[in-house]
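The values are calculated or read from the model by the stated rules, or taken from the named source; none is laboratory data. Just so we're clear, the structure is a prediction, and the values are computed from it rather than from any experiment. When we count neighbours, we look across all protein chains shown, and the Cβ atoms used for this are built from the backbone with ideal geometry, even at glycine. To get the accessible areas, we keep the full protein, side chains included, count just its heavy atoms, and leave off ligands, DNA and RNA. Shrake-Rupley method; radii C 1.70, N 1.55, O 1.52, S 1.80 Å.
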Amino acid sequence: VNNCLQLVIQTSSIADKNKPFEFRINKEQSSFHNRLLQHDLEKNYSGRQGNVQYDNTNFGSSSSITSFPVLQRTAEEKILNSDRLTLERQKLTVCPIIDGEDHLRLLNFQHNFITRIQNISNLQHLVFLDLYDNQIEEISGLSTLRSLRVLLLGKNRLKKISNLENLKNLDVLDLHGNQITKIENINHLGELRVLNLARNLLTIVENINGLDSLTELNLRHNQVCAIKDVDTLPCLQRLFLSFNNISSFEDILCLADSSSLSDITLDGNPIAQETWYKHTVLHHMMQLRQLDMKRITEEERRMASVAARKEEERKRESHKQTLLKEKKRLTICNIAHQWEIQQNRVALVASLNPDKDNEPCQINGSAAYVFPEESRSLDTILSSAVQGLSVLESHLVEVEGDTLYLYGSGALECLDRNWSVQTAGTVVTVSFMFIEFDEIVQVLTKLKIKFPNFVHLKFKETNLVALQQFNALAQVNRIEQLTVDPQGNPVVSFTLWKYYVLFRLNHFNLQKINGIEVTQNDIVMAERLFGILAYVSSSELPHYRMLSLLGESRRKQFHYLLEGKGKKSGFGNEESNDNRRAGGESTARATLNYTTKDFHVEKLEEIKERKTLCQTYIENLVKEAADINMKNESLQKLWPQMFIELVRDAVIEIRNKNSYMKLCLQRIADQK
């Protein structure tokens with residue numbers, strides 16, 4: 001800072017009582033204290049400290065002050081410098097008693113070892129007090145100095161700001177280089193213009209309301225991470241925040257509301273490393289003249305304005321995307337809620353957990369979706385912007401990357417729309433959520449027509465409950481990957497479900513199931529486990545059903561085998577097992593197909609039985625625990641008396657030492 005700060009202190013001078021006393025301070029990169037002390041104070045007393053005499057003799061009749069040195073000046077010194085006194089670098093540990101100097105205006109104690117402010121209460125005309133570089137731990141002894149305008153307490157050991165209630169005329173307060181952790185007890189200093197709190201331990205800037213005259217605030221080299229109330233200072237012009245922990249503009253947002261602020265420094269903070277730092281600060285604080293000790297040019301303001309417009313556009317686009325995501329979230333929540341109602345899960349959850357409405361319950365091996373009111377409401381920031389969004393959509397269709405997401409049964413109708421060749425060609429994965437598997441089966445044949453490149457099916461909350469449902473996937477032209485989420489698909493809890501899928505969809509040559517590579521050993525194991533199933537199924541299948549599974553050429557061959565010269569036992573079955581349809585699926589496996597879920601009601605009954613069993617078991621456990629607790633309480637009541645009796649018996653038993661020793665020896669002998 002290269003400009004000058006001129007402090008004018010209205011005091012009466014010995015030489016000219018009508019002339020105000022002035023001193024001028026050049027603000028350089030040196031410490032705040034050195035800047036304030038560039039006046040003629042040292043000039044008048046430089047080389048004259050030898051004339052200051054200390055008298056350690058008794059002063060007054062009180063013995064409590066005999067240990068304090070008494071300062072005496074010659075008559076010549078008093079005449080030449082009647083209102084000024086400097087005692088710097090005198091190795092003082094206490095403030096001396098200053099006798100006969102009640103008219104002093106400037107007092108300098110810097111670079112000593114003083115631990116407490118005292119013996120200056122009689123200097124009621126003092127306007128400048130310098131205690132820089134001492135060992136003071138508490139502000140005290142200043143209550144009578146009502147005329148004090150400049151108080152310099154930098155580089156001491158202060159941990160708290162206190163005892164300044166009577167210094168209402170204070171103009172400059174320097175507390176840098178201390179251990180202060182909180183700004184407090186200064187709201188009454190309405191005349192204060194300069195406040196220096198650099199190199200302390202501050203983390204939050206607050207409690208500065210009422211400093212209506214403050215023009216400069218120095219907070220360099222602290223640990224500040226947030227700023228409050230600065231916008232309430234009507235005269236603040238210079239704010240120094242270098243080398244703190246400010247990481248985002250939101251932490252200093254109140255600075256944008258200050259109309260008087262002209263100079264600010266934020267260098268040395270994490271925020272200053274951001275690319276948007278300068279443009280953002282200049283855009284929100286158009287009144288600034290200097291930033292980080294550098295004057296702001298018109299070109300920089302223009303660039304900041306351009307950057308701010310781009311940032312606004314980015315925020316609008318981001319806001320738009322946020323709205324779309326919010327609409328998607330609300331729609332999915334609504335679809336999930338409707339899915340709950342459809343599966344009668346809400347009523348079942350309420351009956352199983354009457355006191356825990358928000359706790360998910362296992363139904364058919366699936367965690368039921370539960371949405372408390374707050375999860376279906378909009379966030380505070382978006383509440384006004386998304387009021388017009390429809391949250392009653394019963395389905396959602398979304399193409400994201402190479403995946404087609406279908407939420408809700410209504411989404412299946414999208415397969416009938418006219419998809420562009422480009423979009424349809426990019427779809428590799430089709431994901432079904434909150435759709436009954438029976439409804440999905442009806443559209444499986446459309447997938448291979450609409451999306452020729454799709455090779456991956458995903459199922460989540462589709463009520464896959466039986467192995468036979470996988471038979472329906474044979475209708476699809478081609479599958480390389482299959483993902484069945486455990487949520488809403490109890491069939492995944494079956495140990496052998498993957499082997500059954502590999503056996504039934506053997507003609508697809510599946511590469512992955514639930515993200516795990518399929519090995520040759522898996523295929524061999526699947527054949528061993530379920531191979532006989534295809535043989536039994538094809539053996540028991542009526543001829544007319546077998547013919548419906550075969551192509552035209554295979555039908556003629558099958559008729560020839562049936563009407564010919566007779567077939568050997570099992571020959572027809574071997575042919576049936578060896579023949580492949582156009583898609584490559586064996587006829588024997590084709591006999592394993594999926595119809596409906598007739599056993600769904602039985603499954604619910606089984607769940608109810610399990611529930612009853614669990615409830616009974618828990619009730620028994622609770623009853624046993626209650627009994628144990630009751631016994632424990634009874635024991636606690638009886639134990640004091642039992643303990644007394646045990647102690648009494650032991651005392652009686654060992655009363656006769658010889659008898660007790662014989663008894664113990666006898667017991668040892670009996671044990672042997």
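Observations on the structure shown:
- Failed criterion for residue 66 (all others in (1) modelled with pLDDT under 80; (2) polar (S, T, N, Q); (3) open to solvent by 70 Å² or more (accessible area, probe 1.4 Å) hold): (3)
- Take the conditions (1) farther than 22 Å from residue 342 by Cα; (2) at pLDDT 85 or above; (3) open to solvent by less than 30 Å² (accessible area, probe 1.4 Å); (4) in contact with a Leu (Cβ under 9 Å, 6 or more places away or on another chain); residue 386 misses just one of them, which is (2).
- Matching residues in the range 189-209 - criterion: being part of a loop (DSSP other than H, G, I, E, B) and within 25 Å of the chain's Cα centre (by Cα): 201, 202, 203, 206
- Condition broken by residue 327, with the remaining ones in (1) touching a Phe, Trp or Tyr at 6+ places or on another chain (Cβ under 7 Å); (2) touching a residue at least 60 places away in the same chain (Cβ under 8 Å); (3) among the basic types (Lys, Arg) satisfied: (1)
- Scope the range 410-437; condition within 15 Å of residue 458 (Cα to Cα) and either surrounded by fewer than 16 Cβ atoms within 10 Å (Cβ to Cβ) or of a type outside the set (A, V, I, L, M, F, W, C) (or both); matching residues: 429, 431, 436
- Among the residues of this structure, residue 351 does not count as one that is open to solvent by 30 Å² or more (accessible area, probe 1.4 Å), in contact with a Gly (Cβ under 7 Å, 6 or more places away or on another chain) and at pLDDT below 85.
- Checked against the criterion of being closer than 24 Å to residue 233 by Cβ and either at pLDDT below 80 or among the β-branched types (Val, Ile, Thr) (or both), the candidates 281, 306 yield just one match: 281.
- In the range 359-367, the count of residues that are modelled with pLDDT of 50 or more, within 39 Å of the chain's Cα centre (by Cα) and either closer than 30 Å to residue 513 by Cα or part of a helix (DSSP H, G or I) (or both) is zero.
- Residue that is nearest to residue 116 (Cα to Cα), among those in the range 178-187 that are in contact (Cβ under 8 Å) with a residue 24 or more places away in the chain and surrounded by 15 or more Cβ atoms within 10 Å (Cβ to Cβ): 178
- Qualifying residue in the range 75-87 (condition: touching a Gly at 6+ places or on another chain (Cβ under 9 Å) and over 22 Å from residue 163 (Cβ atoms)): yes
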